[in-house]
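The values are calculated or read from the model by the stated rules, or taken from the named source; none is laboratory data. None of these values were measured; they are calculated from a predicted model. Positions of Cβ are generated from backbone atoms using ideal geometry, with glycine treated the same way; all protein chains shown enter the neighbour counts. Just so you know, the surface numbers come from the protein's heavy atoms only, side chains and all, with ligands and any DNA or RNA stripped out. Shrake-Rupley method; radii C 1.70, N 1.55, O 1.52, S 1.80 Å.
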Amino acid sequence: GLREAVVAAREEGASGLLLTASGDRAFCAGGDIRQVAAMPPQQRRDFLRREYSLMIELFALRDSVPVVALADGLIFGAGAGLFMAAETRIASAPSSLAMPECALGIVPDVGATDYLRSCLEGGIGQWASLTGGRFSSDAMAAGGLCTHVCGADETERQPGQRSLPSTSDAADAVQATYSSLVDCSSAAELRDTIDSCGAGGVG
C-alpha cells in the first residue's frame, strides 16, 4: 500500500516517489463519509488517525526525496490531501480539486486548513473552506494548488519510469517528460473576483 511505499522510499534511499492512480475518473475521490460516520467511535478515530498520520509522513518525506503527484480526474477530500502533500503537483487539464465535505459543515481536514490558507492568496482559501468550492485545473493553477498542468493524454507517461534522479533535478525530470507542461505560479482572475466580493466586509 501507500504507507509501505512511503516507508520504503524513506528507508531504502529511493530517488523519488511518484503518486498516481489507475483509471480515468479520479486521482482519488476521498473516503465515503457515510461509511466512516457509521463506524463505531473508536474505529472511526483509528481510521482517521491512520489517514492523517500517512499525510504527515508523506509531507515529511519531501525533506529527503522528491515527491511528485500526477493527477488525472477528481482530486477530492483525502485525495486532495495526498495531492497537496507532494512538492511537485501535476494536474491534467480535465482535473478538478475540492473538499466537498465542507458543504456538509465538516471542517476541512487532511491538511486543508493549512494549504487552503498558505497556498491560496487573498480570500480564496476562506471561500473554499466555507463552500467546498471546486477548482478546475485553471483555477488550481491560478491559486497555486498545482505547480503544473499537462494534457490529459500525457498522464500515462511517467517521469524516469517512476524514478527521479535527485531533489535538485526533479523539476528537470518532470519538464523532460511532459512536453506540453505549463508552469503555473501566478495568481489570477479567481483571486481578484473573490477578493472584490469580500471587499466591503461582512455587516
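Odds and ends about this structure:
- Hits in the range 63-118 (condition: among the aliphatic types (A, V, I, L, M) and more than 30 Å from residue 13 (Cβ to Cβ)): 74, 93, 97, 98, 99, 103, 104, 106, 107, 112, 116
- Qualifying residues in the range 135-146 (those that are at pLDDT 85 or above and part of a loop (DSSP other than H, G, I, E, B)) - the one surrounded by the most Cβ atoms within 10 Å (Cβ to Cβ): 146
- Residue pairs meeting the criteria (Cβ under 8 Å; at least 6 apart or on separate chains; first at positive phi, in the range 100-116; second part of a helix (DSSP H, G or I) and of a type in the set (Phe, Trp, Tyr)): 110/52; 111/59
- Remark: residue 149 falls outside the filter, which requires a residue to be of a type outside the set (Ser, Thr, Tyr), without any contact (Cβ under 8 Å) to a residue 40 or more places away in the chain and not in a helix (DSSP H, G or I).
- Only listed residue being open to solvent by 50 Å² or more (accessible area, probe 1.4 Å), in a helix (DSSP H, G or I) and within 24 Å of residue 125 (Cβ to Cβ), chosen from 80, 103: 103
- Members of the range 35-88 that are among the hydroxyl-bearing types (Ser, Thr, Tyr) and out of contact with any strand residue (DSSP E or B) (no Cβ under 6 Å at 6 or more places or on another chain): 52, 53, 64
- Among the residues of the range 133-146, those that are touching a residue at least 24 places away in the same chain (Cβ under 8 Å) and not hydrophobic (A, V, I, L, M, F, W, C) comprise 133, 134, 136, 137, 143, 144.
- Residue count for the range 106-129, restricted to those that are within 15 Å of the chain's Cα centre (by Cα), β-branched (Val, Ile, Thr) and open to solvent by less than 40 Å² (accessible area, probe 1.4 Å): 1.
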